[in-house]
Each structure stands twice: as C-alpha cells, then as structure tokens.
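Okay, so here's the structure we're looking at.
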Amino acid sequence: MQNTTLSRVEIEDRAIVDPLVYAMASRDSDVLDMVRDALAARRTQLAFLPVFTTNNPQTTAFHEGLVRLTDEEGRIIPAAHFMQRVEENGLGRQIDCVMLELAFQCLRSHPELRLSVNVSARSIGDGEWRRILDRGLLDRGQPGDRLIFEISETSAMLLHENVIRFMAEMQPKGVCFALDGFGAGMTAFRHLKDFFFDLVKIDKSFVRGIDHDSDNQVLAEALITVAHQFEMFAVADGVETAGEAAFLRGLGVDCLQGYHFGVPSLQL
C-alpha cells in the first residue's frame with residue numbers, strides 16, 4: 001500500500017480530479033454556480049471509500065459513499081471547494097437528497113453492499129429528503145438493514161432533539177448511525193447516552209501521526225474507551241500510514257478507514 005504526506009483533501013482531489021478543472025475551480029470565485037449547474041443537470045455520482053475491519057484488513061465492514069459532481073465535460077468538481085460553503089444552505093439539502101437517491105440505487109444494485117452516507121441534521125427535517133428516504137425504505141430488498149447515516153458532532157448537537165427522535169424512528173427499520181468527527185465537535189459525553197449511535201468515527205486530527213504523537217495516543221485511547229463503554233464500534237478515520245494503522249490496532253480500534261488503504265473509487 002502506498003503512503004503519502006499529502007493531506008486527505010489533497011489526495012482525494014488529485015486522485016480523481018482532472019487538473020484543469022481543479023485549477024479552474026481554484027480560480028473561480030463563484031464555484032457554487034458550477035455546483036448548481038451540476039445538480040440541475042443530474043451530473044452526479046458516488047465514489048466509494050472502503051472501511052476495513054481491524055482483525056482482517058482484507059475484510060470490508062462497509063463503504064462510505066462520497067458525492068461527486070461533474071462539469072459539462074465530465075470532469076469532477078473538487079468537493080473541497082464547495083462542501084463547507086453549502087452544508088447549511090439549500091444547496092446542502094439538494095446534495096443530501098442526491099446522495100440518498102444514489103445510495104438507494106447502489107443498495108438495490110448490490111445486495112451485498114453496506115453503505116454509509118453523510119447527512120446533516122437540517123436535512124432530517126427536509127420534506128423532499130424524507131420522501132426519498134421513505135420511498136427507499138419500502139424496497140423489498142430491505143435496504144435499511146444496510147444503510148448507515150453519518151452525522152457530524154456539530155450537526156448532531158445543532159438540533160439534537162430532532163436527531164434523537166429521528167434515530168428512534170429509524171431503529172425499527174434497521175438503519176444504523178455513525179457519529180462523524182468524534183472528539184472534535186460539540187458533543188458532551190453526557191449526551192451520548194441520549195443518542196442511538198452504533199459507531200463513532202474518531203476524528204482524523206487524533207489519528208494523524210499517532211504512532212509518534214503521545215498526545216494523540218492518549219486522546220485516541222480515551223475516545224475508543226468511551227465508544228466501547230457505550231457499546232459503539234470505534235472507527236479510526238484518516239489513516240494514512242502503516243505506522244498509524246498498527247498503533248491503532250494496538251489500541252483496540254474496531255475498523256480502519258483512510259488513504260493508506262486506497263483512494264475513493266467510482267467503481268465498487
């Protein structure tokens with residue numbers, strides 16, 4: 001497996017983005033117009049990043065689905081240039097709707113697939129997003145049993161009562177939940193018992209360089225211990241080196257995800 005010193009966003013962009021559109025988006029002060037055009041024309045797809053079990057690095061626990069938007073020439077618009085700007089506005093809701101539709105299509109086409117997709121707390125209350133969810137869960141293939149919603153700490157705490165109600169509603173349908181960015185957001189440990197998270201994804205800031213960073217070693221071990229105390233699986237996010245992977249295995253993390261194991265792929 002090839003390692004690199006590039007950041008996660010740089011690796012993702014360079015791995016699958018045409019250099020021309022990357023440079024164009026870097027200069028474009030209104031990249032959101034490119035996003036609106038791509039959504040309107042349905043130039044959308046998912047890329048898949050595998051999450052591996054710690055005990056057997058060749059066994060995929062599930063895949064994370066990452067939205068990809070393309071320009072008129074089919075070149076991918078770098079997500080780093082727009083995701084933070086759209087998360088809490090109408091474009092963010094549209095992207096969440098597209099991601100959910102694509103996720104259900106993939107789950108129908110691949111009965112063995114277990115897939116996670118990101119969703120914001122605001123989308124949970126969005127009428128169109130809920131209609132897509134309700135239709136998708138009616139499928140005879142019972143896709144709810146293979147669907148995982150990832151919610152960031154910040155988003156979960158923004159509308160925590162709504163998120164808790166939604167989780168309780170989805171539990172009988174088999175849907176699982178992951179707390180994304182665990183340790184880096186706003187979730188006080190006292191709130192963990194109120195949510196219904198099945199797994200946590202330890203924020204990559206605690207994973208980076210953990211094999212030689214004593215502070216990250218202490219913090220990651222504490223986060224793993226908290227997760228296991230609440231009967232949640234612990235996933236280490238952003239693993240980029242063999243040393244990081246080995247150290248995290250020693251701490252007892254359940255799953256590993258990151259560019260040490262490969263970049264997002266448009267093919268399963």
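Read the figures in this text as sums done on the coordinates, not as results from a lab. What you see is a predicted model; the values in this text were computed from it and never measured. All Cβ positions, even for glycine, are placed from backbone atoms using ideal geometry, and neighbour counts span all protein chains on display.
General observations
- With the convex hull of its Cα atoms as the shape, the chain has an orientation-averaged projected area of 13.9 nm².
- Just checking the listed ones, S116, S205, S152: in the Gaussian network model of the chain with Cα springs under 10 Å, the one fluctuating most is S205.
- The charge dipole of the chain, taken about its Cα centre with unit charges on the Cβ of Lys, Arg, Asp and Glu (plus for the first two, minus for the last two), comes to roughly 600 debye.
- Treating each Cα of region 167-249 as an identical point scatterer and summing with the Debye formula, the log10 of I(q)/I(0) at q = 0.17 Å⁻¹ comes to -0.67.
- For I202, I164, order by how many other beta-carbon atoms lie within 10 Å, fewest first: I164, I202
- Axial C-alpha extent at least 24 Å, average Kyte-Doolittle at least 0.5 - helices from the chain (DSSP): 90-109
- DSSP finds beta bridges in the chain, and of those with both partners inside it, around 40 percent are antiparallel.
- Listed residues A227, L138, L115: farthest to the positive end of the dipole of the chain (Cβ charges): L138
- Of the trypsin sites (Lys or Arg not before Pro) found in region 173-241, the ones in coil according to DSSP and having at most 15 other Cβ atoms within 10 Å of their Cβ are K193.
- Taken about its Cα centre, region 184-252 carries a charge dipole of roughly 160 debye when the Cβ of each Lys and Arg holds +1 and the Cβ of each Asp and Glu holds -1.
- Take 214-225, 61-72 and order them by the average number of nearby Cβ atoms within 10 Å per residue, most first; the result is 61-72, 214-225.
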